[in-house]
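Working notes for the structure below.
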Amino acid sequence: MHGLSTFEPKNGLVKWLEARLPILSFMHGSFVAYPTPKNLNYWWTFGAILSFMLIAQIVTGIVLAMHYTPEATLAFSSVEKIMRDVNWGWMLRYAHSNGASMFFLAVYIHMFRGLYYGSYKAPREVLWILGVIIFLLMMATGFMGYVLPWGQMSFWGATVITNLFSAIPFVGDDVTTWLWGGYSVDNPTLNRFFALHYLLPFMIVAVVGLHVWALHVVGQNNPDGVEIKDVAKDTVPFTPHATMKDGFGIICFLLLYCWFVFYVPNYLGDADNYIPANPMKTPPHIVPEWYFLPYYAILRSIPDKLAGVIAMFSAIAVLAFLPWLDTSKVRSGKYRPIFKIFFWVFVGVGVGLGYLGAMPPEGGYVLAARILGVAYFAFFLVVLPLLGLFEQTRPVPASIADAVLAKGGAAHGAPAPQTLG
């Protein structure tokens with residue numbers, strides 16, 4: 001759904017540019033006149049928050065790269081130099097490292113919102129798949145960035161994760177050797193990861209561009225999960241309505257971000273990463289960053305290395321098939337009472353797996369991770385396909401305008417409409 005731009009150039013220079021490159025009218029149609037569903041809530045501000053965080057990560061990352069030395073004997077000391085000797089280097093480093101956590105926090109909320117409101121359903125399948133690709137690129141970027149300080153957890157985290165590729169039949173050893181640049185994690189590995197960590201964010205920008213393009217073609221989903229029937233009644237212009245809401249959401253998120261940067265900058269990190277990498281001394285408990293922990297728990301819960309790798313990657317890949325696994329005709333979870341229960345159970349499973357991923361892989365922790373891992377896959381492969389066949393859903397409003405009126409009427413005691421969408 002394209003915005004109907006009413007932009008008209010006012011002076012000769014702008015008219016000349018518009019005749020040759022109509023970028024201003026494109027921007028106006030995409031971010032000013034673009035018709036936005038009038039029933040969007042604050043969960044829809046996380047797209048703008050993610051755009052802001054991506055820009056912040058790229059800007060801080062480029063400045064940090066000017067002072068960082070990607071060499072095994074100098075990397076750790078170069079990070080310390082950034083912290084102590086570079087003007088505002090401590091703030092840049094903390095903004096970048098905590099920015100990664102804030103980026104993943106926002107993307108997880110964004111994904112759970114899409115899952116709850118059915119934003120993956122037709123005609124938004126490609127939009128959802130592009131989002132999954134962005135998530136994969138983020139995970140690769142985050143992992144490689146975690147290696148760069150070349151502390152103990154960086155070194156051993158890289159060793160453990162890259163070793164997983166050796167489980168792939170036939171080509172695993174060759175892939176692992178290529179990632180290492182030799183026969184162990186060493187200076188060539190650090191160089192490769194630095195190059196890829198610098199490159200991948202720009203690939204993310206490119207896929208985000210496709211993501212936004214796909215969004216403007218099919219239009220935004222909304223909390224009621226009904227399509228726009230009448231642009232005049234169901235929508236408002238993107239600016240100022242959505243931009244004001246997005247701006248407020250970004251400010252609120254920035255308060256949380258700044259609290260971590262200025263008050264508890266190392267809270268989400270690992271103390272072992274302030275110890276220089278030592279190949280001769282393995283840390284007692286190797287853990288990745290918090291945003292990888294659910295998948296790490298699934299990996300460690302399976303004793304067979306290859307099966308664990310397959311399960312871990314499948315836990316991410318299954319998201320791409322969500323549009324076809326969910327058989328329900330009703331899009332929004334607002335009108336699916338049984339789905340709501342399973343959704344919140346699934347959220348609990350994700351949080352539980354994250355906790356177990358941080359615990360030692362022994363005893364009851366492993367058993368609990370196996371149970372929650374089965375529950376994770378069961379949600380996608382069993383619950384969603386069967387719910388669509390048996391669930392009794394509530395009546396869906398006929399249009400966005402009806403949903404808005406019903407909400408206003410409910411506040412004054414009027415009954416909600418009982419029409420099916």
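The values are calculated or read from the model by the stated rules, or taken from the named source; none is laboratory data. Just so it is clear, the structure is predicted and the values come from calculations on it, not from any experiment. FYI the Cβ positions are ideal-geometry reconstructions off the backbone, even for glycines, and counts take in every protein chain you see.
Answer yes or no: is there a residue in segment 120-128 that is part of a helix (DSSP H, G or I) and under 19 Å from Gly350 (Cβ atoms). Break it down stepwise before answering.
From segment 120-128, those part of a helix (DSSP H, G or I) are 125-128; that's our starting set.
Of the ones still in play, those that are also under 19 Å from Gly350 (Cβ atoms) are 128.
Checking segment 120-128: at least one residue is part of a helix (DSSP H, G or I) and under 19 Å from Gly350 (Cβ atoms).
Please give the number of the condition Trp156 fails out of (1) within 22 Å of the chain's Cα centre (by Cα); (2) buried (at least 20 other Cβ atoms within 10 Å of the Cβ).
(1)
Could you please find all residues in segment 258-304 being assigned to a helix (DSSP H, G or I) and loosely packed, with under 15 Cβ neighbours inside 10 Å? Can you show your working first?
Just the residues of segment 258-304 that are assigned to a helix (DSSP H, G or I), to begin with: 258-262, 271-274, 290-300.
Of everything in segment 258-304, those that are assigned to a helix (DSSP H, G or I) and loosely packed, with under 15 Cβ neighbours inside 10 Å turn out to be Cys258, Trp259, Phe262, Ala271.
Please identify the pairs in which a residue from segment 100-126 that is closer than 16 Å to Ile55 by Cα has its Cβ atom under 9 Å from the Cβ atom of a residue that is among the polar types (S, T, N, Q), counting only partners at least 6 apart or on another chain.
Ala100/Gln57; Ala100/Thr141; Phe103/Gln57
It is to be established whether one or more residues within segment 237-250 are of a type in the set (Phe, Trp, Tyr), under 21 Å from His96 (Cβ atoms) and out of contact with any strand residue (DSSP E or B) (no Cβ under 8 Å at 6 or more places or on another chain). Break it down into steps so the answer makes sense when it comes.
First, the residues of segment 237-250 that are of a type in the set (Phe, Trp, Tyr): 238, 248.
Among the residues that remain, those that are also under 21 Å from His96 (Cβ atoms) are: none.
Looking for residues that are of a type in the set (Phe, Trp, Tyr), under 21 Å from His96 (Cβ atoms) and out of contact with any strand residue (DSSP E or B) (no Cβ under 8 Å at 6 or more places or on another chain), one finds none in segment 237-250, hence no.
I'd like to check something: does segment 77-92 contain any residue that is buried (at least 22 other Cβ atoms within 10 Å of the Cβ), of a type outside the set (A, V, I, L, M), modelled with pLDDT of 95 or more and part of a helix (DSSP H, G or I)?
Scanning segment 77-92, I find no residue that is buried (at least 22 other Cβ atoms within 10 Å of the Cβ), of a type outside the set (A, V, I, L, M), modelled with pLDDT of 95 or more and part of a helix (DSSP H, G or I), so the answer is no.
Would you check which residues across segment 1-60 are part of a loop (DSSP other than H, G, I, E, B) and closer than 29 Å to Ile109 by Cβ and list them? Please lay out each step first, then the result.
Of all residues in segment 1-60, those part of a loop (DSSP other than H, G, I, E, B) come to 1-11, 21-22, 32-34, 38-41.
Matches in segment 1-60: Met1, His2, Gly3, Val32, Ala33, Tyr34, Lys38, Asn39, Leu40, Asn41.
I'd like the full set of residues that are in a loop (DSSP other than H, G, I, E, B) and either acidic (Asp, Glu) or more than 25 Å from Glu125 (Cα to Cα) (or both), limited to segment 328-366. Walk me through it before giving the result.
The initial filter retains those residues of segment 328-366 that are in a loop (DSSP other than H, G, I, E, B), namely 328-332, 336, 358-362.
Scanning segment 328-366 gives Ala358, Met359, Pro360, Pro361, Glu362.
Looking at (1) closer than 19 Å to Ala232 by Cβ; (2) at pLDDT 95 or above, find the lone condition where Ile58 falls short.
(1)
Among the residues in segment 213-220, are any surrounded by fewer than 20 Cβ atoms within 10 Å (Cβ to Cβ) and either more than 22 Å from the chain's Cα centre (by Cα) or not assigned by TED's automatic domain parsing to the domain that holds Ala72 (or both)?
no
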